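Below is one structure, written out as structure tokens; comments come after it.
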Amino acid sequence: MNYEIIEMQQFSGKRAGIYSVMIADDNLTLFEHFVKAHVRDHAMEIRSITQYLSYIGNRYGMQNRFFKVDRGMPRDGVCVLFDHPEKKLRLYCYRVGTAALIVGGGMPRPGRRGGEGVPEKMLARISQDIRRKIRTGDIYWSAQEARLQGNLVFRAEEKG
């Protein structure tokens with residue numbers, strides 16, 4: 001899968017950089033697809049999610065209280081943006097250290113017997129790619145710019 005990590009400047013701020021994923025040959029990020037798919041039926045929840053993202057980027061940073069961690073496989077880094085029990089939507093994220101958040105897609109919350117969905121599995125694969133590039137130094141955190149820097153483009157042929 002070919003894709004690029006794109007900064008969402010409308011949410012990024014001095015406390016955290018907020019990013020999403022744009023799949024090759026698409027003109028929307030995974031987050032934009034999530035919003036487009038669910039805004040009609042869940043407008044208030046979408047508004048709440050965007051407020052949380054703005055708070056994380058600009059006011060509070062990546063505090064644990066904003067996330068439900070270990071939602072995927074152990075150590076894949078996938079988490080869910082915290083929501084209240086009555087909320088219906090889930091937004092899957094990958095926390096890169098303490099100052100960058102990769103926002104993937106999401107879906108309505110499964111029932112108690114529901115398992116992980118496609119957005120969660122896709123973000124788990126992306127988190128592996130990102131961790132590999134961080135280990136090799138192709139992606140790094142720039143304290144001066146307060147943003148992820150380096151090669152944020154991923155191509156299937158790069159996988160090792």
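Hey, could you check the range 125-148 for residues that are of a type outside the set (A, V, I, L, M) and in a loop (DSSP other than H, G, I, E, B) and say which is surrounded by the most Cβ atoms within 10 Å (Cβ to Cβ)?
To start, the set of residues in the range 125-148 that are of a type outside the set (A, V, I, L, M) comprises 125, 127-129, 131-133, 135-138, 140-142, 144-145, 147.
Filter again for in a loop (DSSP other than H, G, I, E, B), leaving 137-138, 144-145.
On the way: Gly137: 9, Asp138: 16, Gln144: 6, Glu145: 9.
The selected residue is Asp138.
Does Phe67 meet the test of being open to solvent by 10 Å² or more (accessible area, probe 1.4 Å) and under 12 Å from the mean Cα position of the chain (by Cα)?
Yes, satisfied.
Can you tell me which of (1) under 18 Å from Arg47 (Cα atoms); (2) modelled with pLDDT under 85; (3) over 13 Å from the mean Cα position of the chain (by Cα) is the one Leu89 doesn't meet?
(2)
What pairs come out if I take residues in the range 142-157 that are closer than 19 Å to Ser12 by Cα and at pLDDT below 90 and pair them with residues that are exposed (fewer than 15 other Cβ atoms within 10 Å of the Cβ) and polar (S, T, N, Q) whose C-beta lies under 6 Å away, six or more apart or interchain?
Hits for this filter: Ser142/Gln149.
Can you say whether Gln10 is open to solvent by 50 Å² or more (accessible area, probe 1.4 Å) and in contact with a strand residue (DSSP E or B) (Cβ under 9 Å, 6 or more places away or on another chain), as far as the supplied structure shows?
Numbers: open to solvent by 50 Å² or more (accessible area, probe 1.4 Å): yes; in contact with a strand residue (DSSP E or B) (Cβ under 9 Å, 6 or more places away or on another chain): yes.
So Gln10 fits the description; yes.
Identify, from the list Asp76, Asp83, Asp41, Asp70, the residue that is modelled with pLDDT under 95 and on the phi > 0 side of the Ramachandran plot.
Values: Asp76 fails: on the phi > 0 side of the Ramachandran plot; Asp83 fails: on the phi > 0 side of the Ramachandran plot; Asp41 fails: on the phi > 0 side of the Ramachandran plot.
The unique qualifying residue is Asp70.
How many of the residues making up the range 36-58 are surrounded by fewer than 17 Cβ atoms within 10 Å (Cβ to Cβ), in contact with a strand residue (DSSP E or B) (Cβ under 9 Å, 6 or more places away or on another chain) and within 30 Å of Ala156 (Cα to Cα)?
The qualifying residues number 1.
Which residue pairs have Cβ atoms closer than 6 Å, lie 6 or more positions apart in sequence or on different chains, and pair a first residue in the range 50-65 that is closer than 20 Å to Glu32 by Cβ and at pLDDT 95 or above with a second residue that is open to solvent by less than 80 Å² (accessible area, probe 1.4 Å) and among the basic types (Lys, Arg)?
none
Looking at this structure, is Gly104 among the small types (Gly, Ala, Ser) and either loosely packed, with under 13 Cβ neighbours inside 10 Å or closer than 17 Å to Leu152 by Cβ (or both)?
Numbers: among the small types (Gly, Ala, Ser): yes; either loosely packed, with under 13 Cβ neighbours inside 10 Å or closer than 17 Å to Leu152 by Cβ (or both): yes.
Spelling it out, Gly104 is indeed among the small types (Gly, Ala, Ser) and either loosely packed, with under 13 Cβ neighbours inside 10 Å or closer than 17 Å to Leu152 by Cβ (or both).
The values are calculated or read from the model by the stated rules, or taken from the named source; none is laboratory data. Keep in mind that what you see is a predicted model, and the values were worked out from it rather than measured. No Cβ is skipped: glycine too gets one built from the backbone with ideal geometry, and neighbour counts run over all protein chains shown. Note: accessible area is taken over every heavy atom of the protein model, side chains too, but ligands, DNA and RNA are not part of it. Shrake-Rupley method; radii C 1.70, N 1.55, O 1.52, S 1.80 Å.
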